[in-house]
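The values are calculated or read from the model by the stated rules, or taken from the named source; none is laboratory data. Since this is a predicted model, take the numbers as computed values, not measurements. Neighbour counts are summed over all protein chains in view; Cβ atoms, including those assigned to glycine, are modelled from backbone coordinates with ideal geometry. SASA here: full protein model, heavy atoms, side chains in, ligands and nucleic acids out. Shrake-Rupley method; radii C 1.70, N 1.55, O 1.52, S 1.80 Å.
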Amino acid sequence: FPYLLCGNNSGIAVGMSSDLVSHNFTEVADAIKHYLHNKDCSILDLMNYIKGPDFPTGGQIINGEELYNIYATGHGALKMRAHYEVLKKGAKTLLVFHDIPYGVEIDSGVKAPLKKLVIEDGYDVFEDIDVKKAGPRNFDITITLAKNADVANCLNILFQKTRLGETVKINQTVIVNGEPKILNLKQLIQHYVDYRSNIIKRI
C-alpha cells in the first residue's frame, strides 16, 4: 500500500520538517500504473490521474492553480475552506457549513473562536451555532445570523477569524538513502516503485 502518497503525515526533526498530505488510493494506483508504462511521463501527465489531495473531512481548495507548482517543487500551501450554503428561515439567514478543513476540531476551531467574536469582539451579527452529525465522518454546522446581517461580510469574518478557513502546508521532505530530500510528485512515485521492486526481488 503506498502510504507515502495516501497517508497524511506531519513530523519535525532537527533542522527539517515534513508535511505530507493524503491522496485518493484509486487515483494514486492509476498514476503508479501510468508511470510503470511511461517512465518518461511528466508531472502534468501524472496530474491527469492525481487531481489533488484527498482530505477525509472534505473542504474546498480555493487556490487550485497552485497545485502544479506544489507537485513540481514538492512544497507550497493550499488555502482551504468549508463548503457552505446560505438558507433563509423567516427573517433570519442561516449559514450551513457541510464540512471542515482537515485537522480542524469543531469545538476549538469553530465554536470557541465564534464565542470570542460575539462576547469579546462585539460581533452581534452571529446569534446561534448548532452542530448536527451528517454521515459517518462529517457534521453540519449551522450559524444563525441576525436580521439584516451582511451575509458576504459575515462569511468573510468566519473564514478569516475561525478555522472554517485554513491554510494547509505541504512539504514533501522524505528520507532517501539516509538523506532528507524534497521530492516532487513524480519522484515520490518513482521512489515508491523502486522500493516495491526491491521488496518483490527480496521475496
Check your understanding: Do the conditions hold for LYS115, that is, is it basic (Lys, Arg) and either surrounded by 15 or more Cβ atoms within 10 Å (Cβ to Cβ) or closer than 18 Å to CYS154 by Cα (or both)?
Key -> yes
Study note, to complete from the structure: Exception for LEU188 within (1) over 30 Å from LEU46 (Cβ atoms); (2) surrounded by 15 or more Cβ atoms within 10 Å (Cβ to Cβ); (3) among the aliphatic types (A, V, I, L, M) falls at (1)
Practice item. Report those strands (runs of 3 or more DSSP E) wholly inside region 1-104 carrying at least 3 residues which are touching a Pro at 6+ places or on another chain (Cβ under 9 Å) and buried (at least 19 other Cβ atoms within 10 Å of the Cβ). Key: 75-81
**Study point:** Residues of region 53-81 classified as of a type in the set (Gly, Ala, Ser) and at pLDDT below 95, total
**Key:** 3
Review point. If we keep just the residues of region 119-144 that are open to solvent by less than 80 Å² (accessible area, probe 1.4 Å), at pLDDT below 90 and outside any loop (DSSP other than H, G, I, E, B), which is farthest from ASP107 (Cα to Cα)?
Key: ALA134
Exercise for review: Consider only pairs whose beta carbons are under 7 Å apart and that are at least six residues apart or on different chains; among these, list those whose first residue lies in region 111-132 and is under 15 Å from THR162 (Cα atoms) and whose second residue is open to solvent by 80 Å² or more (accessible area, probe 1.4 Å) and hydrophobic (A, V, I, L, M, F, W, C).
Suggested key: none
Point to revise | Residues within region 152-165 that are open to solvent by 40 Å² or more (accessible area, probe 1.4 Å) and of a type outside the set (Gly, Ala, Ser), tallied | key: 5
Practice item. Return yes when LYS147 is basic (Lys, Arg), more than 25 Å from ILE62 (Cβ to Cβ) and open to solvent by 20 Å² or more (accessible area, probe 1.4 Å) and no when it is not. Key: yes
Practice item. Six or more apart or on different chains, Cβ under 7 Å: which pairs go from a residue in region 45-62 that's in contact (Cβ under 8 Å) with a residue 12 or more places away in the chain and over 15 Å from ARG163 (Cα atoms) to one that's open to solvent by 30 Å² or more (accessible area, probe 1.4 Å) and outside any helix (DSSP H, G or I)? Could you list them? Key: GLY52/ILE61; ASP54/ASN24; PHE55/TYR102; PRO56/TYR102; PRO56/ARG137
Practice item. Tell me which of these LYS92 doesn't satisfy, since it passes every other one: (1) without any contact (Cβ under 8 Å) to a residue 40 or more places away in the chain; (2) more than 28 Å from HIS23 (Cβ to Cβ). Key: (1)
Review point. What pairs come up if the first residue lies in region 97-109 and is closer than 18 Å to ASP128 by Cβ and touching a residue at least 60 places away in the same chain (Cβ under 8 Å), the second is open to solvent by 70 Å² or more (accessible area, probe 1.4 Å) and not polar (S, T, N, Q), and their beta carbons are under 6 Å apart, counting only those six or more places apart or on different chains?
Key: PHE97/TYR84
